[in-house]
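Colleague: Following this message is one structure expressed as C-alpha cells.
Values quoted throughout were computed directly from the atomic coordinates according to the rules given, and no laboratory measurement underlies them. All values reported here derive from a predicted model rather than from experimental measurement. With ideal geometry, Cβ positions are generated from the backbone for all residues, glycine too; neighbour counts draw on all protein chains shown.
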Amino acid sequence: MTALVFAFAKLVSPVLAVSCEAKKFFFFPPWWEYLQTGDDGVGGCRLITNGFQFGDVLAVGLAVLDILLRIAGFVAVISIIWAGVNYITTMGNPEKAAAARKRIYNSLIGLAIVFVATALVTFLGNSLASK
C-alpha cells in the first residue's frame, strides 16, 4: 500500500509541484500532509517509507478527514450568512424570525463542533507525523 501511495505521489508531483513543505490551497491541507517526507536531492520531495504500515493509511485518512471538516466549516459559515439574510428579510413575521434564529444557533453549534474536531484531527495527525 505504501508503494502505491509513493507511486501516486511520484505521478502527481510534476502536476501539483509537490514540495516537502505542505502547500495549502484555500486553507485545505494536501493529502500527504501527515506522511513523513524528505528532500530527494533534486529539489523535489519523497515519501519516507519503511514498507506497508498502518500509520500511513491512518495519516492519509486523517488528512482527508481534515479536508472534509474544513469543507463542513465553510458550509456552516455559509449557513450562518444565509440565516442572517433570512432573519433580516422576515418583514416582521415571528415564525420566520424564530426559524432564522434557530438556524443561526444550530449553525454556530455545528461550527464549534467542526473547530474542535479539526483541532483534534490536526493534533493527532501532527503527532502521527512526528513518529
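Colleague: Could you check the simple spin-label distance between SER127 and VAL85, using points 7 Å along Cα→Cβ, in nm with one decimal?
Modeller: Using points 7 Å along Cα→Cβ, the separation is 4.1 nm.
Colleague: Once you put a point 7 Å from the Cα of TYR105 and another 7 Å from the Cα of VAL64, both along the Cβ direction, what distance in nm separates them?
Modeller: 3.7
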